[in-house]
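Just below is one structure, and these are the notes that go with it.
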Amino acid sequence: MAKRLKPIEIEELESVHLERIRYYFLDNIDDIMEGLHSRLQIKSDWYKQFISTKSNMASDLEIGAERIFHYVFSRGMKHPNSSPIGADIMYETFDSFIHIDIKTVSESNWGDYKGKIAVQSNQTSYPLSKYKLSPNLPTYYSKTFKKGENEYYKPTLTYFIYVLHKHASEEIYSMLIICMPNGELYNIYRDKILHAGKTKNSVRYAFKEEPRFILLSKQKNVFRVEFLIKSRNYTQENLIGIPEKKYKIPVWVEI
């Protein structure tokens, strides 16, 4: 009979796959940046229509960024899943089901989202009962994998690529990779990592409240949040609301 992983084993998988996603990003960073900037080469063909239906300062990367990251990650993650319930990008690996959602925010909403990220029910397995919502993802899927002599259910792993950028410009202030805890870890992270969203039926993952893998950080801090890209013109606290004297979040590329 298949078993469930221990909480620390879930965190170990979350950390391993965060590193994997980061590797694909850094290995393809030139293609990613070229793809994100490609919209500006044809700006005159879409900008007027865009601002006629959106706020003048809304993120113009919201839709296009998904296409770019799907293309890049598909090179290394060979098993996309067609489930209608899930994040923008969903893959099955040997030991997990990985959900990756792409979030983009322009400078007009910077203050609202500093250290927080909007989460939909289809993007998480974490209990949202504090806001009278329910996650639509299971903490485990019914498929299993072998580890040693034991068989385990494959857990749900949730990640976000979070891009803070200047509206209709090449300028990117920061790009984060963020891992939201699996719902089985609720007794460890509790409700403090959840903040209210802008509307009644919305919620935000407040990663600034606890940016670490708690169980993996007994000896040395291991982070759920990393800067894939960070502008040197802004401090960590400016960008995500976490003072460096409290936690120094890893930075991989500084521009």
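The values are calculated or read from the model by the stated rules, or taken from the named source; none is laboratory data. Quick caveat, the model's predicted, so the values are computed rather than measured. Neighbour counts are summed over all protein chains in view; Cβ atoms, including those assigned to glycine, are modelled from backbone coordinates with ideal geometry.
The set of residues from the stretch 42-73 being in a loop (DSSP other than H, G, I, E, B), surrounded by fewer than 18 Cβ atoms within 10 Å (Cβ to Cβ) and under 16 Å from the mean Cα position of the chain (by Cα) comprises 62, 63.
Can you find a residue that is within 30 Å of residue 51 (Cβ to Cβ) and surrounded by fewer than 20 Cβ atoms within 10 Å (Cβ to Cβ) anywhere in the stretch 151-159? No, that holds for no residue. Taking residues in the stretch 164-181 that are under 21 Å from residue 18 (Cα atoms), and partners anywhere that are of a type in the set (Gly, Ala, Ser) and part of a strand (DSSP E or B), the pairs with Cβ atoms closer than 9 Å and at least 6 places apart or on different chains are 164/106; 164/174. Within the stretch 180-216, being polar (S, T, N, Q) and touching a helix residue (DSSP H, G or I) at 6+ places or on another chain (Cβ under 9 Å) holds for 182, 187, 201, 202.
Checked against the criterion of being in a strand (DSSP E or B), crowded, with 21+ Cβ neighbours inside 10 Å and more than 13 Å from the chain's Cα centre (by Cα), the stretch 120-137 contains not a single residue that satisfies it. Can you tell me which residue within the stretch 236-255, out of those that are among the hydrophobic types (A, V, I, L, M, F, W, C) and not in a strand (DSSP E or B), is surrounded by the fewest Cβ atoms within 10 Å (Cβ to Cβ)? The residue in question is 255.
Does any residue of the stretch 77-99 turn out to be farther than 19 Å from residue 229 by Cβ, in contact with a Gly (Cβ under 6 Å, 6 or more places away or on another chain) and of a type in the set (Phe, Trp, Tyr)? No, the conditions are met nowhere in the stretch 77-99. Has the stretch 94-101 got at least one residue that is modelled with pLDDT under 90 and in a loop (DSSP other than H, G, I, E, B)? Checked against the condition, which is being modelled with pLDDT under 90 and in a loop (DSSP other than H, G, I, E, B), the stretch 94-101 yields no hits at all. Among the conditions (1) in contact (Cβ under 8 Å) with a residue 60 or more places away in the chain; (2) surrounded by 14 or more Cβ atoms within 10 Å (Cβ to Cβ), residue 3 misses just one, which is (2). Within the stretch 101-119, none of the residues are surrounded by fewer than 22 Cβ atoms within 10 Å (Cβ to Cβ), touching a Pro at 6+ places or on another chain (Cβ under 7 Å) and not charged (D, E, K, R).
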